[in-house]
1. If we keep just the residues of segment 101-139 that are of a type outside the set (K, R) and outside any helix (DSSP H, G or I), which is farthest from L52 (Cα to Cα)?
2. Failed condition for P84, given (1) at pLDDT 55 or above; (2) over 26 Å from A10 (Cβ atoms); (3) not hydroxyl-bearing (S, T, Y), with all others met?
3. Going by the structure shown, is R142 surrounded by 13 or more Cβ atoms within 10 Å (Cβ to Cβ), part of a helix (DSSP H, G or I) and outside the structural domain of R37 (by TED's automatic domain parsing)?
4. Applying the selection to segment 185-199, what residues are touching a residue at least 12 places away in the same chain (Cβ under 8 Å) and surrounded by fewer than 16 Cβ atoms within 10 Å (Cβ to Cβ)?
5. Quick check, is L207 in a helix (DSSP H, G or I), of a type in the set (A, V, I, L, M) and modelled with pLDDT under 85?
6. Within the set of pairs 6 or more residues apart or between chains, which connect a residue that is farther than 13 Å from W138 by Cα and assigned by TED's automatic domain parsing to the domain that holds D139 inside segment 97-123 to a residue that is of a type in the set (S, T, N, Q) and part of a helix (DSSP H, G or I) with Cβ atoms less than 6 Å apart?
7. Checking the condition part of a helix (DSSP H, G or I) and within 18 Å of the chain's Cα centre (by Cα), which residue from L12, L26 passes?
8. Restricting to segment 200-216, give me the number of residues that are free of Cβ contacts under 8 Å to residues at least 24 places away in the same chain and among the acidic types (D, E).
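The values are calculated or read from the model by the stated rules, or taken from the named source; none is laboratory data. Since we're looking at a predicted model, the values are computed, not measured. In this analysis, Cβ positions are derived from the backbone assuming ideal geometry, glycine residues included, and neighbour counts consider all displayed protein chains.
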Amino acid sequence: MDLNTENITAWLDSQEKDFEQGLALLAAFSPTTNLVRVLKARGSSVKSLKTLSYELGKIERSKPQERTVRTVSLKQTENSTRKPVRENLEKQPDDPVLNDLVQKKNKIFKDYVAIFHQLEYMKKPQRMLAALHSLRMWDEIRDLWKQIDYYNLYRQIMPVKRNEKTANDQVSMVRRMMTIRTYLTRYEKKLATITTEKARDKWQRKLDEFNLEKQDLERKLNR
């Protein structure tokens, strides 16, 4: 897709706004993909189109001059005698163990930021679940920072405290995952038979909540 805001302007000005085309434009321009996934899961509706129009409108109203100024400022910083901090943060370490810890931390932090910036677009039950999920992710980030600091100091992996409840916790999470999958299948079938907008929003909200919980469990089980 040609990345210029003329495509967005044309979509906003069209009488019949194509939902899939709007999602493709948002995915191409937006720095985060979480909102795209949420809108795609909800499907085309009056509320989804309003949210999509609002987000694309913000992108259309952004001034190219501002982006140019930020680019020039960044180049001037990189060419200055003072070494920018950003360069040190982006440089990957040569140590494979340290590199693995840094990559894990960066991946979780990227997901954390994406969820944090979408909280205001969620309804209260979904927002509460997503906020809880983001707090757990922040705990993971802090734990990884501790591991990184320990490794930089001693050049060995930080010992992990044994937890007798770990095995039981994993069994409980697997059982909960099976229950959630059953609910997801049931709600998807129910959603396909509903015609009223209010009822669809109600069941879609439940479906979104279970999908978020499923993602949280998958992350914990795949550690």
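1. First, the residues of segment 101-139 that are of a type outside the set (K, R): 101-103, 106, 108-109, 111-122, 125-126, 128-135, 137-139.
Filter once more, so that each one left must be outside any helix (DSSP H, G or I): 117-118, 122.
On the way: H117: 15, Q118: 13, M122: 14 Å.
Filtering first and then ranking leaves H117.
2. Of the numbered conditions (1) at pLDDT 55 or above; (2) over 26 Å from A10 (Cβ atoms); (3) not hydroxyl-bearing (S, T, Y), the odd one out for P84 is (1).
3. Details: surrounded by 13 or more Cβ atoms within 10 Å (Cβ to Cβ): no; part of a helix (DSSP H, G or I): yes; outside the structural domain of R37 (by TED's automatic domain parsing): yes.
When the stated conditions are applied, R142 does not pass them.
4. Residues of segment 185-199 touching a residue at least 12 places away in the same chain (Cβ under 8 Å): 187-188, 190-191, 197.
Of everything in segment 185-199, those that are touching a residue at least 12 places away in the same chain (Cβ under 8 Å) and surrounded by fewer than 16 Cβ atoms within 10 Å (Cβ to Cβ) turn out to be E188, K190, E197.
5. Values: in a helix (DSSP H, G or I): yes; of a type in the set (A, V, I, L, M): yes; modelled with pLDDT under 85: no.
In short, no.
6. Sorted first by the residue in segment 97-123, then by its partner, the pairs are L101/Q147; Q118/N34.
7. Details: L12 fails: within 18 Å of the chain's Cα centre (by Cα).
None of the other options fit; the residue is L26.
8. 0
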